[in-house]
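Below: the structure, in structure tokens.
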Amino acid sequence: MKKILKISMIIVSLLGFSVTYSKAFVMDVWELKGADPAAVSEATLAFKEKAMAGGAKYTAFRSSTKIRGDDVLDTVFVHAYYENFEDQMATQALIGQNPDWFASTFGDMDFSDVDNTTFANDEPTGEAAAGQTVAYAFVEVTSGINFVLNFPQMQQMMRDAGAPVQVSAMTCSLCGENVLPTNGMIYFSSANPTDMGKGLDIFASPEMQRWVFANISPHGNITDAGVLVFNN
């Protein structure tokens, strides 16, 4: 509990290189190890209700369970979404003034470890931005300019192939030492697992994989990857 209270009060002081202050999709992510997904989901809904009634400026506040990748079913994520950094900062100030919101919801939560990161980009969120199923890769981008130049082409190729997923990338605006060298995230978001499967089939096609191997892989190292299903 002390850990999640501490990280909930982090104030963002570093902005990602691809983020504009006035228009951004901002996402706080808490990664909980060893937590019960059902208990986290219940606490998340209760916290959101209290926070929103108190003036929090979330566009969404949700939890998810990792179903593919390392530590499946033992890793739960809590996600807070904002339209911009101003809303995030205002919400963090409210949380600091009302610690009982966390104490009365997440207070008795039992977990072995927690990490917190803040990601952002300046893209419109789109209908699938907070979809029911997300496939993600946390990455260490080693050549930012090449990644920025090539990633939009991958987005277009997936759209042209008819993939029913939103393809996006976010920069890590605040990455603590415990999550470095991660400095970004690539993700596919879909309305349901079936659409995600269709999107992943397209991404796994020989044409796409050859292009990704030549144009994306040389500029980033995956530090963690998996598939999440949202609980609420």
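The values are calculated or read from the model by the stated rules, or taken from the named source; none is laboratory data. Note that the structure is predicted; figures quoted are calculated from it, not measured. Reconstructed Cβ throughout: ideal geometry from the backbone, glycine too, with neighbour counts over all protein chains shown. To get the accessible areas, we keep the full protein, side chains included, count just its heavy atoms, and leave off ligands, DNA and RNA. Shrake-Rupley method; radii C 1.70, N 1.55, O 1.52, S 1.80 Å.
Brief remarks on what is shown
- Residue in region 27-34 that is within 16 Å of D110 (Cβ to Cβ), surrounded by fewer than 19 Cβ atoms within 10 Å (Cβ to Cβ) and modelled with pLDDT under 90 present: yes
- Test: E177 is surrounded by fewer than 14 Cβ atoms within 10 Å (Cβ to Cβ), out of contact with any strand residue (DSSP E or B) (no Cβ under 8 Å at 6 or more places or on another chain) and within 21 Å of H79 (Cα to Cα): yes
- Applying the criterion of being surrounded by fewer than 19 Cβ atoms within 10 Å (Cβ to Cβ) and of a type outside the set (G, A, S) to the residues of region 159-174, the residue that is nearest to N221 (Cα to Cα) is L174.
- Top-ranked residue in region 58-99 [being part of a loop (DSSP other than H, G, I, E, B) and of a type in the set (D, E, K, R); ranked as surrounded by the fewest Cβ atoms within 10 Å (Cβ to Cβ)]: D70
- Every residue from region 100-116 that is touching a residue at least 24 places away in the same chain (Cβ under 8 Å) and open to solvent by 40 Å² or more (accessible area, probe 1.4 Å): A103, S104, D108, D110, S112, D113
- Tally of residues being in a helix (DSSP H, G or I), in contact (Cβ under 8 Å) with a residue 24 or more places away in the chain and open to solvent by 60 Å² or more (accessible area, probe 1.4 Å) across region 208-232: 1
- Scanning region 182-207 for residues that are polar (S, T, N, Q) and open to solvent by 50 Å² or more (accessible area, probe 1.4 Å) yields a count of 3.
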